[in-house]
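Values quoted throughout were computed directly from the atomic coordinates according to the rules given, and no laboratory measurement underlies them. None of the values given here were measured: they were computed from a predicted structure.
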Amino acid sequence: MYTTTSEGILNNYAVEPAMYYAEYPTEMEQNRYKLQGAVASLLVAFIVLTALAVS
């Protein structure tokens, strides 16, 4: 939707989505996040050590 002023200038604004509160993750989701963090940390450590070994 948009409106116009008396000079004919358009006033169009984005429609804001409805707000909602996030739900706290379940125990299974928390465990999955921990596993993903551990795998990501190992991957970064492997990349850094590989870079150090090659240089």
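Working note: 222 nm ellipticity from helices only, DSSP H runs with n ≥ 4, each -39,500 (n - 2.57), summed and divided by the residues of the chain, gives -18500 deg cm²/dmol to the nearest 500. Taking a quarter of the surface of the Cα convex hull of the chain gives a mean projected area of 9.3 nm².
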